[in-house]
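Since the structure comes first, as structure tokens, the remarks are kept for the end.
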Amino acid sequence: MELPANRLKRALATGRPQYGLWLGLPDNSVAEIAAGAGFDWLLIDHEHAPFELRDIMNHLQAMAAYPVAPLVRPVEGSPALLKKLLDIGVQSFLIPMVDDAAQARALVAALRYPPAGKRGLGTSMARAADWNRVPDYLQKANAEICLIVQVETAEAMDNLDEILAVEGVDGVFIGPSDLSASMGHIGNAGHPDVVASISAALSRIKAAGKYAGLLCLDPTLVDNYIAQGADFIGIGVDTMILVQGLQKLLQRGQGESETSPAPQPGY
């Protein structure tokens, strides 16, 4: 078995916008259904959804048969947790709440084997190495890691240029919801000040030669963010799709006009 190429890194390198879906339901049938829907990437949200390590691995296994790029957002970026995720086969990471360059450098080190980093060796127990059956895994693994850091506070925005200068950071993902709260507009990620801040950040990320992304559930803003330089954008969340679909189905069955909560522009 050869080491799988990082689908996300290769897709982003094409320059074509990549559209993704957030996964918050731990049942791997959901991952398999979503993987066959045609999205470019799927994010497993360990930060806010009730995923455990085995659930994440089950999702990765369910997606493996499909041409979709898996991305995992861990609850935080501790080296011990990242080591576990690496060993079960995660290659692309979205790390939340990165506020400065020092945090970014620590994440780069945690995701890479020496001498480039500090990742511990345990390939005989690692799905990522096909339990020691991937030739030269230790020599090849670093090149297939994709690190996306999530910038989602006013402090992080102030430090954005320093974060972008960290070697080993492949891209920056803006978190509109937490950013709106940090800017004093909690629950209103579509506030003009927040939108302006995001647009300016997207341009700075692109100018630094990094990939830029965000989650945007307001379809009226998606094209704007793509035009501003977003390379990858989440356009839906599985839980919200289920909630809204069920609500509309019931309203239609009861003969009521279909209404649903207005989507939040960020998450």
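The values are calculated or read from the model by the stated rules, or taken from the named source; none is laboratory data. This one's a predicted model, so the numbers in the text were calculated from it and none came from an experiment. Note that each Cβ is placed from the backbone with ideal geometry, even for glycine, and that neighbours are counted across all protein chains shown.
Annotation: residue 58 fulfils all but one of (1) in contact with a Phe, Trp or Tyr (Cβ under 8 Å, 6 or more places away or on another chain); (2) within 25 Å of residue 40 (Cβ to Cβ); (3) of a type in the set (S, T, N, Q); the unmet one is (1). Within the range 125-143, residues that are farther than 15 Å from residue 64 by Cβ sit with their Cβ atoms under 6 Å from residues that are of a type in the set (D, E, K, R), at 6+ positions apart or across chains, in these pairs: 126/87; 142/112. Taking the range 168-184 as the range and being farther than 17 Å from residue 93 by Cβ, touching a helix residue (DSSP H, G or I) at 6+ places or on another chain (Cβ under 9 Å) and either in contact (Cβ under 8 Å) with a residue 24 or more places away in the chain or crowded, with 18+ Cβ neighbours inside 10 Å (or both) as the test, the residues that pass are 176, 179, 180, 182, 183.
The test for being in a helix (DSSP H, G or I), at pLDDT 95 or above and of a type outside the set (D, E, K, R) does not hold for residue 116. In this structure, residue 231 does satisfy being crowded, with 16+ Cβ neighbours inside 10 Å, in contact (Cβ under 8 Å) with a residue 24 or more places away in the chain, charged (D, E, K, R) and touching a Leu at 6+ places or on another chain (Cβ under 9 Å).
Residues in the range 119-166 that are in a helix (DSSP H, G or I), of a type in the set (S, T, N, Q) and in contact with a Pro (Cβ under 8 Å, 6 or more places away or on another chain): 0 in all. For the range 207-225, a residue qualifies if it is in a helix (DSSP H, G or I) and surrounded by fewer than 16 Cβ atoms within 10 Å (Cβ to Cβ), and the qualifying residues are 207, 219, 220, 223, 224. Across the range 68-102, the number of residues qualifying as of a type in the set (A, V, I, L, M, F, W, C) and in contact with a Ser or Thr (Cβ under 9 Å, 6 or more places away or on another chain) comes to 4. Restricting attention to the range 215-230 and to residues that are touching a helix residue (DSSP H, G or I) at 6+ places or on another chain (Cβ under 8 Å) and modelled with pLDDT under 95, the residue that is nearest to residue 149 (Cα to Cα) turns out to be 215.
The single condition among (1) within 20 Å of residue 149 (Cα to Cα); (2) surrounded by 13 or more Cβ atoms within 10 Å (Cβ to Cβ) that residue 26 does not meet is (1). Would you say residue 7 is of a type in the set (Lys, Arg) and in contact (Cβ under 8 Å) with a residue 60 or more places away in the chain? Yes, satisfied. Checked against (1) in contact with a Lys or Arg (Cβ under 7 Å, 6 or more places away or on another chain); (2) outside any helix (DSSP H, G or I); (3) of a type in the set (A, V, I, L, M), residue 109 meets all criteria but (2). The C-beta contact set for the range 37-57 (first residue under 10 Å from residue 21 (Cβ atoms), second residue among the basic types (Lys, Arg) and in a helix (DSSP H, G or I), distance under 9 angstrom, 6+ apart or interchain) comprises 40/7; 41/7. Considering the conditions (1) under 23 Å from residue 11 (Cβ atoms); (2) modelled with pLDDT of 95 or more; (3) buried (at least 18 other Cβ atoms within 10 Å of the Cβ), residue 198 is excluded by exactly one of them, (2). The single condition among (1) crowded, with 16+ Cβ neighbours inside 10 Å; (2) touching a residue at least 60 places away in the same chain (Cβ under 8 Å); (3) assigned to a helix (DSSP H, G or I) that residue 242 does not meet is (1).
I'd like to check something: does the range 159-167 contain any residue that is in contact (Cβ under 8 Å) with a residue 40 or more places away in the chain and within 21 Å of residue 18 (Cα to Cα)? Checked against the condition, which is being in contact (Cβ under 8 Å) with a residue 40 or more places away in the chain and within 21 Å of residue 18 (Cα to Cα), the range 159-167 yields at least one hit.
Across the range 46-102, the qualifying residues are those that are among the hydrophobic types (A, V, I, L, M, F, W, C) and surrounded by fewer than 16 Cβ atoms within 10 Å (Cβ to Cβ), and the one among them that is farthest from residue 3 (Cα to Cα) is 102.
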